[in-house]
Amino acid sequence: MSARFEVDYSEVERLQRKFSQLPGDVERVLNDVLHSYGVENVKDNIKIIMPVSKKEKKHAKNYKSLRHEEFNLGFIIHPKPKYNYLVFPDKALGTSVDKDPDEFMQTGLDASIEHIFEQINEEVERLLREEF
């Protein structure tokens, strides 16, 4: 169970002209935004909709329960090993088998995509203003 974000170049067509105007390494700029703002935004959106059981225990939603892996032009969000039980409500497994999958990991990612591209656009515009 994870939420994976990768830059889909068809989605960045509006940025393509701006990229060509940027001096230096555009890939580094994209990675900087993705690996800082993007990761935190997705984690926040996942936690907003993360389910909480009725049991008296420490719930993943209230703790730093998510980790991430970075790669070129993307990242993956996973629960920390202690919170791997989140797969059960996310995919409707185990005692959640009679329920619909929550798919809160993917839903949290989907809620972040537009914001991530807005942040990339803002960063590119800022760099263009500085350059010119």
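The values are calculated or read from the model by the stated rules, or taken from the named source; none is laboratory data. Bear in mind the structure is a predicted one, so any value in this text is a computation, not a measurement. Quick reminder, even Gly has a Cβ in these numbers, built from the backbone with ideal geometry, and neighbours come from all protein chains shown.
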### Message
Can you tell me which condition LYS18 does not meet? The list is (1) more than 25 Å from ASN62 (Cβ to Cβ); (2) surrounded by 15 or more Cβ atoms within 10 Å (Cβ to Cβ); (3) of a type in the set (D, E, K, R); (4) at pLDDT 75 or above, and all the others hold.
### Response
(4)
### All positions within region 52-73 that are surrounded by fewer than 14 Cβ atoms within 10 Å (Cβ to Cβ) and in contact with a Phe, Trp or Tyr (Cβ under 7 Å, 6 or more places away or on another chain)
GLU69
### Task
With the condition kept exactly as written, say whether any residue in region 22-30 is over 14 Å from the mean Cα position of the chain (by Cα) and closer than 22 Å to MET105 by Cβ.
no
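Would you pick out the residues in region 100-130 that are touching a residue at least 24 places away in the same chain (Cβ under 8 Å) and touching an Asp or Glu at 6+ places or on another chain (Cβ under 9 Å)?
ASP102, PHE104, MET105, GLN106, GLY108, SER112, ILE113, PHE117, GLU123 - these are the residues of region 100-130 that are touching a residue at least 24 places away in the same chain (Cβ under 8 Å) and touching an Asp or Glu at 6+ places or on another chain (Cβ under 9 Å).
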### Query
What number goes with the only condition from (1) assigned to a loop (DSSP other than H, G, I, E, B); (2) at pLDDT 75 or above; (3) closer than 17 Å to GLU122 by Cα that PRO23 does not pass?
(2)
#### Entry: Residues satisfying the stated conditions in region 21-41, i.e. polar (S, T, N, Q), exposed (fewer than 14 other Cβ atoms within 10 Å of the Cβ) and over 15 Å from GLU130 (Cα atoms)
SER36
### Task
Select, from ILE49, ILE76, the only residue that is touching a helix residue (DSSP H, G or I) at 6+ places or on another chain (Cβ under 8 Å) and surrounded by 13 or more Cβ atoms within 10 Å (Cβ to Cβ).
ILE49
